[in-house]
Each structure stands twice: as structure tokens, then as C-alpha cells.
Amino acid sequence: MNFKKRLFLPSVVFLFAPVFLGLKTANAAETRHSNYMQNQQVKQQINQQKMPVTVKEEKKVEKNEEVEAEAFVKKSVFRKIDMTKWQFNKEKKIFYQLGIQYCRNPKNPYYERLSIYVPECYFDARKNKDGTYTVLGTKEVKFAPIYVLSIDTKTEKQRPDIRYSPASEEYTKYKRVVIRAGGEDTADFKAALRYVQWNSDLLPEGAGAIYVYGENVGGGYACVLGVTGNLWTYREKLDAIGAVRTSDSVPGVYAINPALNFGRTSDKALDIHQLEYSIDRLFSMGEFPIQTKLHATSMLAEPSDELSPSIKEMFTREYERSVKKEFPGYEIEDAKKKYSQKRNAELKGRFDTRKAYADALNTLTMMKWLEYNQWLQTAKIVDMEGFHRLLKHIQMNGAEKRPVAPESLENPIQLLNDYPEARRARYWVVRSDALKSLDESAKEQDLVDALKEANLEVFFDLKWK
């Protein structure tokens with residue numbers, strides 16, 4: 001028996017040794033894997049510590065924007081403006097609401113929303129327990145507010161405000177009511193205009209007439225909106241997104257450097273009389289920088305003394321009504337004075353006389369193209385080639401790249417010709433940089449000529465910077 005036991009035990013060990021060895025090997029492999037993962041985690045932590053703070057902050061901002069955008073879409077439903085949920089900026093004294101859905105069936109629930117900013121002087125409000133405000137009614141003031149739809153996008157789409165926009169203060173500081181709407185095409189902005197008019201019984205007087213202010217691609221949209229008021233061709237798109245069935249016409253358009261998606265319709269370049277007129281005005285501002293790249297020189301303060309009373313209404317509050325509470329109007333001379341002080345503070349070197357400045361512009365282009373009469377204080381362009389050289393000089397020394405109009409943006413001149421039944425904006429201001437390409441300037445002048453031929457009141461202005 002003892003002999004058999006001695007034979008049995010070694011045989012058991014021999015048979016089960018691979019199992020024990022396999023378990024030991026597996027445990028060792030698992031330990032190595034665990035150690036590897038721990039090392040990777042440590043390396044990742046070290047790399048995160050080495051990562052620049054700016055990258056971390058950018059990722060955090062992107063994540064916050066995604067979260068805000070998601071909440072922004074979920075919380076809104078289509079209805080009239082909730083007058084019990086106004087927020088208030090105490091520093092700027094502005095009531096505002098964000099994320100208002102302006103159509104019933106938005107094709108893009110994120111974009112088709114608007115924000116509205118109302119100066120405190122127009123609302124009588126009471127603070128709620130949650131920090132918001134309930135508007136009890138509108139105040140009676142001497143001048144009713146001017147309503148402005150601001151479109152300042154440089155691309156095809158304009159994102160809606162998901163937080164208070166300081167850009168609105170450019171208008172609210174002059175007691176204007178500002179609408180900032182997100183949108184992907186002309187129909188969206190028309191739906192936003194209709195929504196505000198639909199709420200005119202809740203808002204201060206004037207919501208039925210909204211001026212459109214646009215810059216760059218936004219200026220292109222503003223021009224299209226101005227020539228297509230209540231046009232039937234948009235009915236299908238507006239019904240598809242559930243826009244309110246009211247008017248989408250506007251009384252006036254203010255377009256700054258509008259991006260226009262059409263070819264030149266004439267052979268003319270820059271109108272020489274308009275250019276001489278703008279140079280005369282530039283010289284009348286006073287002092288000029290020694291560094292004559294012109295992008296640091298003056299622009300005409302707005303509103304201009306030369307604007308007609310009807311167009312000037314786009315900048316001032318000229319609609320008078322019963323007086324209960326007054327506030328100061330927009331003082332043109334005071335605005336010019338403040339602008340001049342700011343400009344002079346920014347410029348280091350000066351030319352003492354207008355004649356010296358005109359001579360410097362000729363020297364810059366190495367030819368006499370500008371003749372300045374110091375007695376009459378008028379400028380005359382004697383050779384356009386010199387101005388072409390000036391353009392090239394500016395472009396070679398860091399000229400701003402112009403946004404390109406999207407292909408989907410319509411041609412306002414074509415719309416003017418094809419749809420005379422549209423309710424067009426009566427008053428227009430088109431402001432263009434003098435130092436842009438001649439082809440771009442020609443497009444704007446073609447638009448201005450077409451508007452004038454349609455018997456609309458137009459003020460075209462070249463500005464310098």
C-alpha cells in the first residue's frame with residue numbers, strides 16, 4: 001500500500017502541474033496588465049497637466065456651449081412673448097429675453113429663435129422672486145422707440161444669442177429696441193419680423209415698423225428683405241415653418257458693406273464724383289495721421305447732417321407723442337465731438353494741413369492723382385490710376401479680407417426687376433468702405449442705382465478707415 005501511495009502522489013502532481021502553472025501564468029499576466037493600465041493612467045494625467053490652459057478652457061467652453069444650446073432648445077415653445085419672464089441688465093438698464101421660438105414648426109430648432117432687448121425707459125416692471133421681472137405695462141415717453149432687426153453674420157447662418165449680447169448695446173444706448181434673430185435663410189428672418197409684429201400689442205409702440213440693420217453677409221440679407229416685403233414667392237417656405245401670417249415688410253434698410261452675390265451689371269468702377277465728395281468730407285474732419293495707410297483715418301459720424309428727415313429717422317427718434325417721461329435725443333454734434341476726440345487719441349502723428357495730407361497721398365502712390373484746392377477746400381481726382389495704386393498699397397499692407405456672399409443669397413436687383421408687386425422699403429442707407437476692391441464697389445453702386453430707379457429714397461456713403 002505504501003508503495004502504491006508513493007506512486008500515486010507523483011502521478012497526481014505530474015498530471016495537474018500544467019493547471020497550476022497556467023493559473024500562475026494567468027495571474028502574472030493579469031498583474032502585468034493591471035500595472036500597464038496604471039502606468040497609462042499616470043502618463044495621461046501627466047500629459048493633461050502639461051496641456052496648455054487655453055486648450056483646456058476651449059474644450060470647456062465648447063462643452064458649455066453644447067449644454068447651453070441643448071437647454072436652449074428644450075425650454076422654448078411657440079407662443080407670444082411671456083411678459084412675466086424678462087431678465088434685466090442692471091448696469092446697462094436693459095430688459096431682455098433670449099431663445100424665443102418665432103415659428104411653429106422650425107426646421108432647425110436651434111437657429112429659429114430670437115432675442116429682444118428693450119431699454120428700461122419703455123417698461124414699467126416688477127421684480128419676481130426668482131430674479132426675473134414681470135412687465136406691468138409700457139411707459140409713455142416723448143419719442144416712441146425705433147425697432148431694429150440686427151443681422152451681422154459673416155456667413156450664411158446667423159447663430160441666435162444664448163446669453164446677453166453686448167452687440168445689442170450699439171443700438172440700445174440710443175434707446176432703440178433691438179431684435180437679434182438666428183436664421184439660415186431669408187425666410188427665417190421674415191418669420192422673425194412677423195413674430196415681433198404679432199407681439200406689437202405687448203411691446204412699446206413702434207413694433208409694426210422694424211428697420212433692418214445688416215453688415216457684410218447680414219447686409220446682403222438686409223437688402224433682400226428690403227425689396228421683398230410681403231412677397232408671395234416666400235409663402236410656401238413661411239407656411240412650412242409655421243410663420244405667423246402677418247406683414248414682413250420693413251420701412252427702411254441700413255446696410256454696411258453688404259455682401260452681394262451677383263456679377264457687375266455695368267462697366268463703371270467707382271463713381272468719381274462720389275469718391276471726390278467723400279474725400280472732401282474726409283478732409284473736413286481736420287487732422288490726419290502721418291502713417292498714411294488711411295485705415296486709421298476718419299469716418300463720417302452718423303447720423304449725418306446731410307440725411308433727409310425720413311432717412312434720419314432710422315437713427316433718431318422723431319416720432320412724437322404725449323409726454324410723461326422725457327429722455328435726451330441723439331445729439332449729432334455731440335456724437336461728432338466724441339468721435340473726433342476718440343480718433344485723435346488713437347492717432348500719434350499728424351499732418352498740420354489738408355494740403356500736406358493730400359500731397360502725402362500723392363507721394364504714397366508715386367504719382368499726382370489727387371489735386372487739392374486749399375482756397376476752396378475741395379479735392380479733385382485727376383488720375384484714377386493713382387487711386388488704383390492706393391488700393392493696391394492698402395491691400396498689400398494688411399487690408400481686411402471681405403466675407404464672400406453665400407450662393408444661396410438672392411440678387412436684390414433681380415428681385416427689384418422681377419417683382420414690382422413686393423412692398424419695398426422706402427428708405428435706404430448703404431455705407432461702403434472706400435478702400436475696397438473696385439468690383440465690390442461697382443456691385444454696391446449698381447444696387448444703389450437700381451433702388452433709385454425704383455423711386456426709393458437712397459443715401460449712399462463711402463467711409464474711410
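Annotations for the structure displayed:
- For segment 156-173, the criterion of being more than 18 Å from the chain's Cα centre (by Cα), surrounded by 15 or more Cβ atoms within 10 Å (Cβ to Cβ) and either under 30 Å from R402 (Cα atoms) or β-branched (V, I, T) (or both) is met by none of the residues.
- Segment 174-204, subset more than 18 Å from V253 (Cβ to Cβ) and in contact with a Pro (Cβ under 6 Å, 6 or more places away or on another chain), residue surrounded by the fewest Cβ atoms within 10 Å (Cβ to Cβ): P204
- Within segment 130-155, being loosely packed, with under 13 Cβ neighbours inside 10 Å and in a strand (DSSP E or B) holds for L136, G137.
- Selection of segment 427-450 for residues being in contact with a helix residue (DSSP H, G or I) (Cβ under 7 Å, 6 or more places away or on another chain) and more than 18 Å from K463 (Cβ to Cβ) yields Y427, D446, A450.
- Filtered residues of segment 239-259 (kept if outside any loop (DSSP other than H, G, I, E, B), in contact (Cβ under 8 Å) with a residue 60 or more places away in the chain and more than 20 Å from the chain's Cα centre (by Cα)): A240
- Which numbered condition V118 fails, given (1) out of contact with any helix residue (DSSP H, G or I) (no Cβ under 7 Å at 6 or more places or on another chain); (2) part of a strand (DSSP E or B); (3) surrounded by fewer than 22 Cβ atoms within 10 Å (Cβ to Cβ): (3)
- Candidate set: segment 208-230, residues that are in contact with a Pro (Cβ under 6 Å, 6 or more places away or on another chain) and β-branched (V, I, T); chosen: the one farthest from P145 (Cα to Cα): V217
- Residue tally, condition part of a loop (DSSP other than H, G, I, E, B) and within 15 Å of the chain's Cα centre (by Cα), over segment 184-238: 3
- Of all the criteria given as (1) among the aliphatic types (A, V, I, L, M); (2) surrounded by 10 or more Cβ atoms within 10 Å (Cβ to Cβ); (3) at pLDDT 55 or above; (4) outside any strand (DSSP E or B), the one not satisfied by V61 is (3).
- Taken across segment 173-195, residues that are among the acidic types (D, E), in contact (Cβ under 8 Å) with a residue 24 or more places away in the chain and touching a Gly at 6+ places or on another chain (Cβ under 7 Å) do not occur at all.
- You will find that of G214, G229, G220, the residue that is more than 21 Å from P420 (Cα to Cα), of a type outside the set (D, E), open to solvent by less than 10 Å² (accessible area, probe 1.4 Å) and in contact (Cβ under 8 Å) with a residue 60 or more places away in the chain is G214 and no other.
- Residue that is surrounded by the fewest Cβ atoms within 10 Å (Cβ to Cβ) [pool: residues in segment 87-112 that are within 10 Å of V77 (Cα to Cα) and in contact with a strand residue (DSSP E or B) (Cβ under 6 Å, 6 or more places away or on another chain)]: Q101
The values are calculated or read from the model by the stated rules, or taken from the named source; none is laboratory data. Just so we're clear, the structure is a prediction, and the values are computed from it rather than from any experiment. Note: ideal-geometry Cβ built from the backbone for every residue, glycine included; neighbour counts use all protein chains shown. Surface areas here come from the heavy atoms of the whole protein model, side chains and all, with no ligands, DNA or RNA. Shrake-Rupley method; radii C 1.70, N 1.55, O 1.52, S 1.80 Å.
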